[in-house]
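*Asks:* Sharing a structure with you now.
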Amino acid sequence: MWKKSSLLLLCLPLLAEKFERVEPHMGTLFRITVDAPNVGVAHAAFDAAFARVHELDEILSDYKPQSELMRLSTRPVRISRDLFLVLEASQRLAEQTNGAFDITMGPVIQLWRKARRDKMLPSNEAIAEALNRTGHRKLILEAATQTAHLTQSGMQLDVGGIAKGYAADEALRILRNRGLPNALVAASGDLTIGRSPMAIAVEPVAGFRRRLTLSDHAVSTSGDTEQFLEIDGKRYSHIIDPSTGQALTTRIGVTIVAPQGITADSLATAICVMGPRRGREFLKQQRGISALIVVDGKLEAATGLFARE
Ligand code: ADP
Ligand code: MG
């Protein structure tokens, strides 16, 4: 008679194994986990998925002066499908959130990046000057011609609040197209999950943890934790309130579950800016979105999948 263990062993060659690769991209580590029939298939898939992430970084980075994003100017130019898609999604969210999500905040974000390096707050004058060169209505997209331009010189776009989510979506799509739908792509706070259900833990703020099992969805967390500047006991986030040009100082953490990474990533950033009250109002109008909002260690909202626990 067969023993259970030998039966299992016999089946193993037919089953997929789990493989994982980690690479640095977009200023963070991307970790891809995939079920594949063998190591050769897995490595070819990793090569293709990471090549796609690299390609997107070349287009979307604001650290690379030659990226397609950085080459935008006041002259309308035809742009790639990827850049158009990210700019269009960003502009849609800017309209929906009354400018809380705003990728034209580049000049102000630069000031706050310098502030984090120098451990010194930017002056009000510098913020006011930088704010003059922002405003989402000053980025013009023409769908018919797939062109983009800025209406003012000295502007700078920053898609740091949406690009990783899109890149994670695209990495997963590459794996799916290669017949490997059971996968997970994780880019620090941005995750996209393929067909097979995965148990994950989310932590909108340190110490506040929730577990859930997801498939074919994306999860993003923004806010509180990793990048900040601390001066006189006050914590300045890397997320900026476009209405003032100031870095957020509220201790807010937001986790969003959405069908796509591009949506989850940008919404998590946007709701940090909107805060719990405006955030909750906004979420009421959204379909298929689940949110966890924690402020000062207190749960402010748990909607959708998070409400069922
Ligand atoms: P992380 O980069 O840690 O995943 P987020 O997804 O929340 O965090 O993105 C934060 C980044 O988004 C910032 O580093 C900056 O590049 C950009 N950003 C900051 N404030 C805003 C804003 N109000 N709207 C859009 N993007 C923003
Ligand atoms: Mg984000």
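The values are calculated or read from the model by the stated rules, or taken from the named source; none is laboratory data. Note that the structure is a prediction, hence the values are computed from the model and not measured. With ideal geometry, Cβ positions are generated from the backbone for all residues, glycine too; neighbour counts draw on all protein chains shown. These area figures cover heavy atoms from the full protein model, side chains too; ligands, DNA and RNA do not enter into them. Shrake-Rupley method; radii C 1.70, N 1.55, O 1.52, S 1.80 Å.
*Asks:* Dipole of the stretch 103-190 (Lys/Arg Cβ +1, Asp/Glu Cβ -1, origin at the Cα centre): which of Gly154, Leu139, Val108 lies farthest to the positive side?
*Replies:* Sorting the options by dipole projection puts first Val108.
*Asks:* So, one more: Grab the chain and count how many Lys pairs have their alpha-carbon atoms under 20 Å apart, sequence gap of 8 or more, or different chains. Write down the numbers at each step before the final one.
*Replies:* On the way: Lys64/Lys114; Lys64/Lys164; Lys114/Lys234; Lys119/Lys234; Lys234/Lys298.
Taking the chain as the scope, the lysine pair count is 5.
*Asks:* Using a 7 Å offset from the Cα along the Cα-to-Cβ direction at both Gln286 and Thr244, what is the distance between the two label points in nm, to one decimal?
*Replies:* Output for this residue pair reads 2.3 nm.
*Asks:* Hey, what did the stretch 23-69 get for relative contact order, percent, Cα under 8 Å, at least 6 apart? Could you put the intermediate results ahead of the total?
*Replies:* Numbers: 26 pairs, mean separation 13.1, N = 47.
Taking the mean separation of contacting Cα pairs over the length of the stretch 23-69, I get 28 percent.
*Asks:* Taking every pair of distinct Cα atoms and averaging 1/r, then inverting, what Kirkwood hydrodynamic radius in Å comes out for the chain? Don't skip to the answer; put the middle values down first.
*Replies:* Working: mean 1/r = 0.0487 Å⁻¹.
Taking the inverse mean of 1/r over all distinct Cα pairs, the chain comes out at 20.5 Å.
*Asks:* Taking θ = phi - 60°, what integer Hz values does the Karplus form 6.51 cos²θ - 1.76 cosθ + 1.60 yield along the stretch 281-297, in sequence order, with x for Gly and Pro?
*Replies:* Once θ is set to phi - 60°, the couplings for the stretch 281-297 become 4, 4, 5, 4, 8, 9, 10, x, 10, 10, 9, 10, 10, 10, 10, 6, x Hz.
*Asks:* Additional query: Add +1 for every Lys or Arg and -1 for every Asp or Glu among the other residues with Cβ under 10 Å from the Cβ of Ile32, and state the total. Before the final figure, lay out the partial values.
*Replies:* Values: positive: Arg21, Arg31; negative: Glu20, Glu23.
Result for the neighbourhood of Ile32: 0.
*Asks:* With +1 on each Lys and Arg Cβ and -1 on each Asp and Glu Cβ, how big is the dipole of the stretch 68-199 about its Cα centre, in debye rounded to the nearest 20?
*Replies:* Numbers: 18 positive and 13 negative charges, 63 e Å.
In total the dipole reaches around 300 debye.
*Asks:* Please find, in a Gaussian network model of the chain (springs between Cα atoms separated by less than 10 Å), the residue of Glu170, Glu23, Glu88 whose mean-square fluctuation is greatest.
*Replies:* Of Glu170, Glu23, Glu88, the Gaussian network model singles out Glu23 as fluctuating most.
*Asks:* I would also like to ask the following. For Arg173 paired with Ser123, estimate the spin-label separation in nm (one decimal), with each label point 7 Å from Cα along the Cα-to-Cβ line.
*Replies:* 4.6 nm
*Asks:* Compute the longest continuous run of the chain that contains no exposed trypsin sites (Lys or Arg not before Pro); treat a site as exposed when its DSSP state is not H, G, I, E or B and it has at most 14 other Cβ atoms within 10 Å. Walk me through the numbers on the way to the answer.
*Replies:* On the way: sites that count: Lys3, Arg71, Lys119, Arg195, Arg287.
With a cap of 14 other Cβ atoms within 10 Å, the longest stretch comes to 196-286.
*Asks:* Which whole-number percentage describes the relative contact order of the stretch 70-131, with Cα contacts under 8 Å and a sequence gap of 6 or more?
*Replies:* Result for the stretch 70-131 is 21 percent.
*Asks:* Using Cα pairs closer than 8 Å and at least 6 residues apart in sequence, work out the relative contact order for the stretch 175-217, in percent. If you can, show how the numbers build up before the last one.
*Replies:* Values: 59 pairs, mean separation 13.6, N = 43.
Result for the stretch 175-217 is 32 percent.
*Asks:* Here's another thing I want to ask about it. Report the longest stretch of the chain that contains none of the chymotrypsin sites (Phe, Trp or Tyr not before Pro) sitting in a DSSP loop with at most 14 other Cβ atoms within 10 Å.
*Replies:* Working: sites that count: Trp2, Tyr63.
The answer is 64-309.
*Asks:* May I ask for the net charge around Val108, where only other residues with Cβ less than 14 Å from the Cβ of Val108 are counted and Lys, Arg are +1 while Asp, Glu are -1?
*Replies:* On the way: positive: Arg113, Lys114, Arg116, Arg133, Lys138; negative: Asp62, Asp102, Glu125, Glu129, Asp158, Asp241.
Overall, the nearby charge balance is -1.
*Asks:* Also, I was wondering about something else. Just read off the accessible area of His238 with the full protein assembly in place, 1.4 Å probe, to the nearest 10 Å².
*Replies:* 70 Å²
*Asks:* Which net charge results for the neighbourhood of Ala270, defined as the other residues with beta-carbon distances under 12 angstrom from its beta-carbon, given Lys and Arg at +1 and Asp and Glu at -1? Before the final figure, lay out each step's value.
*Replies:* Working: positive: Arg92, Arg278; negative: Glu95, Asp102, Asp241, Asp265.
So the environment of Ala270 carries a net charge of -2.
*Asks:* I'd like the distance separating the alpha-carbon centroids of the stretch 222-248 and the stretch 20-51, in whole Å.
*Replies:* About 33 Å separates the Cα centre of the stretch 222-248 from the one of the stretch 20-51.
*Asks:* In whole angstrom, how far apart do the alpha carbon centroids of the stretch 167-215 and the stretch 66-105 sit?
*Replies:* Using only Cα atoms, the two centres lie 25 Å from each other.
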